[in-house]
Amino acid sequence: MNGLFANEDGRFAPRLSLRLRFGRLFQLLSLAAVTLGLIVLSVLILDIILNGYKWLRPEFFTEFPSRFPEKSGLRSALQGSLWMISLTALMAFPIGVGAAIYLEEYAPDNGLTRFIEINIANLAGVPSIIYGLLGLGLFVRGLELGRSVLAGSMTMALLVLPILIVSGREAIRAVPQSVRQASLALGATQWQTIQNHVLPYAMPGILTGTILAISRAIGETAPLITIGALTYIRFDLKGPLDLFTVLPIQIFNWVSLPKAEFQQLAAAGIIVLLGVLFSLNALAIVLRNKLQIRW
Amino acid sequence: MFDKHEIALSVKNLNVDYGDFRALENISLEIPARQITAIIGPSGCGKSTFLRCFNRMNDLVPTARVTGEVLFYGQNIYDSKVNPVEVRRHIGMVFQKPNPFPKSIYENVAYGARINGYKGNMDELVERSLRAAALWDEVKDDLKKSALALSGGQQQRLCIARAIAVEPQVILMDEPASALDPIATLKIEELMQELKKDYTIVIVTHNMQQAARVSDYTAMMMLSKEGSRAGTVIEFGPTPQIFTSPRDRRTEDYITGRFG
Amino acid sequence: MLRKTFETELQQVKDNVLFLGSLVEQAILDSVEALKKRDMDASRRIMEADREINARRFAIENQVMVLIATQQPMAHDLRLLASILEIAGELERMGDYAKGIAKINILMGEQPLLKPLIDLPRMAQKDADMLHRALTAFLDEDVETARAIPQEDDEVDALYNQIYRELITFILQDPTTIERANWLLWAAHNLERVADRVTNICERTIFIATGEMAELDGAANGEENA
């Protein structure tokens with residue numbers, strides 16, 4: 001094809017229309033990929049909502065689980081999940097941020113540090129059931145915490161720590177070096193620099209990472225089953241050493257029961273779980289937008 | 001060389017190594033007080049590294065090792081009993097890219113004073129520093145505004161105000177105008193002439209005309225020998241002499257644009 | 001080598017200075033020759049040619065200004081360009097001296113020369129020779145030659161003093177010759193000044209090459225004699 005412009009003398013073969021067509025082709029393929037994902041997801045959610053919405057009545061939140069579907073609720077599971085999230089966050093956040101600060105700001109760049117860094121990254125990929133086994137040995141039996149919500153939360157804290165440390169480091173690394181230098185050049189100590197500049201600017205990123213890590217903890221079942229969280233609890237959770245259950249375990253329990261109504265209860269439980277998850281994600285986005293500093 | 005001037009900084013046999021790599025080699029020179037000293041030279045000859053020796057910013061590079069002495073009014077700042085944090089309050093620094101904190105204009109200026117335990121009136125200090133940096137009239141009604149909303153030239157003058165708020169004796173400037181347009185550059189250069197009444201200024205610049213315009217003394221840096229990567233000062237003298245009759249052939253070649 | 005364009009332009013300015021120098025050299029020799037032969041037409045041509053000398057001096061000045069403004073010359077380049085401004089001025093003034101001699105020839109009208117000219121052409125020859133070598137030294141930045149040339153100013157001064165004494169003797173013997181003697185004295189004085197200005201060019205050459213600004217002996221003596 002000859003170009004519109006006079007200096008085309010045949011030394012180039014632009015094949016413009018072919019190149020443009022290829023571009024459009026890949027644009028369409030990408031669109032198809034997105035659409036497929038969205039369709040599968042909406043079908044799933046739609047199915048669950050249709051199954052479970054009529055069970056989302058006040059008693060569902062205030063009743064303990066029961067042999068009778070109409071008297072069943074997820075009061076204890078919701079309590080367990082909320083306790084667990086709070087305890088996990090309380091334990092994992094300071095340790096995770098502290099470790100991230102140490103690794104980014106203080107640790108010397110030597111073999112040991114790199115070894116630790118690689119292992120933390122690897123830990124983030126370890127199957128969660130391994131953490132369950134660790135929690136069972138270390139907290140339930142070793143520290144004799146029993147099958148308590150505290151032991152569960154500690155296990156969960158271990159599980160999310162690597163994720164938290166990795167995301168915390170990313171956030172701290174994203175703070176421009178120039179800000180650190182500006183502070184140090186004014187005669188600030190390293191801690192003053194971290195406290196006044198690095199942490200405030202890394203905080204949105206750290207919080208986002210934390211919430212995403214916590215969201216993962218809410219959905220986890222395997223480690224809790226391993227340490228022996230109960231499935232059938234008909235009393236309020238009063239302290240960290242009490243026995244507990246959580247939403248995913250309750251849902252799993254309902255799914256395994258033969259009655260059709262329990263399947264629908266499970267669907268309703270999933271709606272609640274998704275609701276909690278989405279709220280946490282929304283919170284992460286809001287926090288990020290609110291605290292974000294534009295450089 | 002400086003009969004009229006007191007010596008603010010005196011460098012003696014300074015070497016800087018990064019691990020096995022020697023970055024600066026055997027530099028000795030004296031920086032006169034309340035004068036502007038420019039450091040010029042081709043890229044990669046260690047100008048910024050040299051500048052960072054004066055406020056121990058090289059300490060932040062884990063592998064860096066500084067040997068030799070830098071005497072600040074007689075006190076070796078590399079002495080084991082001197083903490084770099086203390087040095088940096090007395091020898092301030094302005095960086096190449098304006099880097100105000102993402103806080104208000106007021107907070108930017110007050111920060112250094114606050115962390116160093118300033119006991120006087122903070123509002124007065126902020127105003128005085130902003131006036132000294134020729135920025136007060138432009139920002140006096142917007143002190144609560146984010147520093148990031150200022151123009152590049154204003155941001156750089158804010159960084160200067162921030163540096164002088166901790167009342168240093170020396171201000172180091174690492175290519176302070178290289179990210180600015182010509183007018184903002186001239187404003188900074190004018191400001192430097194005002195500042196030199198009270199402060200000793202050491203400026204690294206790529207721009208030879210700038211060095212010629214603003215400085216009283218010029219240090220010419222270059223790799224110490226063919227094939228080496230270690231920079232050193234090959235000629236140091238009054239700026240008019242360096243730019244009209246340099247003694248070293250390499251200085252001549254560099255400033256007349258025949259280097260390389 | 002970097003800055004090839006700038007180098008070429010510097011070379012052009014230097015060439016222009018040399019060309020101006022050769023015009024001036026010729027004008028000095030021609031003006032005395034015309035006076036010797038009482039050739040008024042030749043003198044008129046010399047006066048006319050002085051316009052070109054002036055125009056060329058302005059052209060060089062302009063060229064230098066543009067280079068300073070656009071190329072930011074430093075160190076040696078700056079010394080060279082600043083000195084060229086000075087040298088072009090010196091050459092133009094030398095041209096004026098030649099023009100002055102041409103004018104004397106015309107003003108003398110039909111009056112005969114007081115005496116046959118012998119020392120004046122020798123002075124002119126010496127001036128032209130010194131100027132020529134001074135400009136060669138300028139071109140080569142030959143410091144040694146530039147230092148040596150001003151020493152020869154003494155020869156020119158000696159010739160001048162000799163002419164001076166000779167003309168005074170004429171006037172004392174016959175006061176009616178005073179006007180004609182005075183004209184020749186003026187011509188001799190102009191030629192003496194040319195040599196002083198050659199010394200200035202040599203000073204500039206040394207400054208260009210070394211950055212050292214020094215008064216050379218010849219010039220100092222010349223100023224005292226003036």
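The values are calculated or read from the model by the stated rules, or taken from the named source; none is laboratory data. Note that the coordinates shown come from a computational prediction; the quantities given were computed from them, not determined experimentally. Cβ sites come from the backbone with ideal geometry, for glycine too, and all protein chains shown count toward neighbours. Remember, those area values only see protein heavy atoms, side chains included, never the ligands or the DNA or RNA. Shrake-Rupley method; radii C 1.70, N 1.55, O 1.52, S 1.80 Å.
What number goes with the only condition from (1) under 26 Å from residue A:203 (Cα atoms); (2) surrounded by fewer than 21 Cβ atoms within 10 Å (Cβ to Cβ); (3) modelled with pLDDT under 90 that residue A:84 does not pass?
(2)
Could you grab me the full set of residues in region A:147-190 that are open to solvent by 10 Å² or more (accessible area, probe 1.4 Å), within 14 Å of chain B (Cβ to nearest Cβ) and part of a helix (DSSP H, G or I)?
Correct list: A:177, A:178, A:180, A:181, A:184, A:190.
Please indicate, with yes or no, whether at least one residue in region C:97-106 is open to solvent by less than 50 Å² (accessible area, probe 1.4 Å), within 30 Å of residue B:256 (Cα to Cα) and more than 14 Å from chain B (Cβ to nearest Cβ).
So far as region C:97-106 goes, no, none of its residues is open to solvent by less than 50 Å² (accessible area, probe 1.4 Å), within 30 Å of residue B:256 (Cα to Cα) and more than 14 Å from chain B (Cβ to nearest Cβ).
I'd like to know if region B:227-242 contains one or more residues that are of a type outside the set (Val, Ile, Thr), more than 10 Å from chain C (Cβ to nearest Cβ), in a loop (DSSP other than H, G, I, E, B) and open to solvent by 40 Å² or more (accessible area, probe 1.4 Å).
Yes, because at least one residue in region B:227-242 is of a type outside the set (Val, Ile, Thr), more than 10 Å from chain C (Cβ to nearest Cβ), in a loop (DSSP other than H, G, I, E, B) and open to solvent by 40 Å² or more (accessible area, probe 1.4 Å).
(1) part of a helix (DSSP H, G or I); (2) within 14 Å of another protein chain (Cβ to nearest Cβ); (3) more than 21 Å from the chain's Cα centre (by Cα): which one isn't true of residue B:137, the others all being true?
(2)
Give all pairs with beta carbons closer than 9 Å in which a residue from region B:242-260 that is farther than 16 Å from residue B:223 by Cβ meets a residue that is basic (Lys, Arg) and open to solvent by 30 Å² or more (accessible area, probe 1.4 Å); count only pairs at least 6 apart in sequence or on separate chains.
The qualifying pairs are B:252/B:258; B:256/C:3; B:257/C:3; B:258/C:3.
Only residues that are open to solvent by 40 Å² or more (accessible area, probe 1.4 Å) and closer than 30 Å to residue A:198 by Cβ: list them for region A:278-292, please. Let's see the steps before the verdict.
Step one: list which residues in region A:278-292 are open to solvent by 40 Å² or more (accessible area, probe 1.4 Å), which gives A:278-279, A:281-283, A:285-292.
Passing the criteria: A:279, A:281, A:282, A:283, A:285, A:286, A:287, A:288, A:289, A:290, A:291, A:292.
Please give the number of the condition residue B:224 fails out of (1) away from every other protein chain (no Cβ under 14 Å); (2) open to solvent by 40 Å² or more (accessible area, probe 1.4 Å); (3) more than 21 Å from the chain's Cα centre (by Cα).
Going through the list (1) away from every other protein chain (no Cβ under 14 Å); (2) open to solvent by 40 Å² or more (accessible area, probe 1.4 Å); (3) more than 21 Å from the chain's Cα centre (by Cα), residue B:224 breaks only (2).
Which is within 14 Å of chain B (Cβ to nearest Cβ) and within 14 Å of residue C:135 (Cβ to Cβ), of C:83, C:22?
Being within 14 Å of chain B (Cβ to nearest Cβ) and within 14 Å of residue C:135 (Cβ to Cβ) holds for just one of C:83, C:22, which is C:83.
Could you tell me which numbered condition residue C:214 fails, if it satisfies all but one of (1) modelled with pLDDT under 95; (2) assigned to a helix (DSSP H, G or I); (3) of a type outside the set (Phe, Trp, Tyr)?
Status for residue C:214: all satisfied but (2).
I'm trying to understand the selection: among the residues of region A:191-202, which are more than 8 Å from every other protein chain (Cβ to nearest Cβ) and crowded, with 19+ Cβ neighbours inside 10 Å? Can you show your working first?
So in region A:191-202, the residues more than 8 Å from every other protein chain (Cβ to nearest Cβ) come out as A:191, A:193-195, A:198-200, A:202.
Within region A:191-202, A:193, A:194, A:198, A:202 meet the criteria.
Within region C:58-80, which residues are more than 17 Å from residue B:242 (Cα to Cα) and surrounded by fewer than 22 Cβ atoms within 10 Å (Cβ to Cβ)?
Once the filter is applied, which keeps residues that are more than 17 Å from residue B:242 (Cα to Cα) and surrounded by fewer than 22 Cβ atoms within 10 Å (Cβ to Cβ), region C:58-80 yields C:58, C:59, C:61, C:62, C:63, C:65, C:66, C:67, C:68, C:69, C:70, C:71.
Restricting to helices (runs of 4 or more DSSP H) lying wholly in region B:80-133: which have 2 or more residues that are within 12 Å of chain A (Cβ to nearest Cβ) and open to solvent by 10 Å² or more (accessible area, probe 1.4 Å)? Talk me through it step by step, then tell me what you get.
Working: elements: B:84-90, B:105-115, B:122-132.
Helices (runs of 4 or more DSSP H) meeting the threshold: B:84-90, B:105-115.
Go through (1) open to solvent by less than 10 Å² (accessible area, probe 1.4 Å); (2) free of Cβ contacts under 8 Å to residues at least 60 places away in the same chain; (3) not small (Gly, Ala, Ser) for residue B:70 and report which single condition fails.
The single condition residue B:70 does not satisfy is (2).
Since residue A:208 meets every condition but one in (1) open to solvent by 50 Å² or more (accessible area, probe 1.4 Å); (2) in a helix (DSSP H, G or I), which condition does it not meet?
Every listed condition holds for residue A:208 apart from (1).
Among the listed residues C:99, C:37, which satisfies the condition of being in contact (Cβ under 8 Å) with a residue 12 or more places away in the chain and charged (D, E, K, R)?
C:99
For the structure I just gave you, tell me whether residue C:172 is surrounded by fewer than 19 Cβ atoms within 10 Å (Cβ to Cβ) and within 30 Å of residue C:15 (Cα to Cα).
So residue C:172 does not fit the description; no.
Please verify whether region C:33-40 includes one or more residues that are in contact with a Pro (Cβ under 9 Å, 6 or more places away or on another chain), over 25 Å from residue C:9 (Cβ atoms) and open to solvent by 60 Å² or more (accessible area, probe 1.4 Å).
Yes - at least one qualifying residue is present in region C:33-40.
For region B:42-67, how many residues are surrounded by fewer than 20 Cβ atoms within 10 Å (Cβ to Cβ) and free of Cβ contacts under 8 Å to residues at least 40 places away in the same chain?
Residues meeting the conditions: 3.
Could you check region B:30-41 and list, in sequence order, the residues that are in a strand (DSSP E or B), under 20 Å from residue B:6 (Cα atoms) and open to solvent by less than 10 Å² (accessible area, probe 1.4 Å)?
B:31, B:32, B:36, B:37, B:38, B:39
Of the residues that make up region B:120-140, is at least one touching a strand residue (DSSP E or B) at 6+ places or on another chain (Cβ under 6 Å) and not hydrophobic (A, V, I, L, M, F, W, C)?
Taking region B:120-140 and keeping what is touching a strand residue (DSSP E or B) at 6+ places or on another chain (Cβ under 6 Å), we get none.
There is no residue in region B:120-140 that is touching a strand residue (DSSP E or B) at 6+ places or on another chain (Cβ under 6 Å) and not hydrophobic (A, V, I, L, M, F, W, C).
Here is a list of conditions, (1) within 14 Å of another protein chain (Cβ to nearest Cβ); (2) assigned to a helix (DSSP H, G or I), and residue C:120 meets all of them except one; can you say which number that is?
Only one criterion is unmet by residue C:120, namely (1).
Might you let me know whether region C:80-92 holds any residue that is more than 18 Å from the chain's Cα centre (by Cα) and not small (Gly, Ala, Ser)?
Within region C:80-92, one or more residues are more than 18 Å from the chain's Cα centre (by Cα) and not small (Gly, Ala, Ser).
I'm trying to understand the selection: among the residues of region A:241-270, which are buried (at least 17 other Cβ atoms within 10 Å of the Cβ) and closer than 23 Å to residue A:157 by Cβ?
Answer for region A:241-270, where residues must be buried (at least 17 other Cβ atoms within 10 Å of the Cβ) and closer than 23 Å to residue A:157 by Cβ: A:242, A:243, A:244, A:245, A:246, A:247, A:248, A:249, A:250, A:251.
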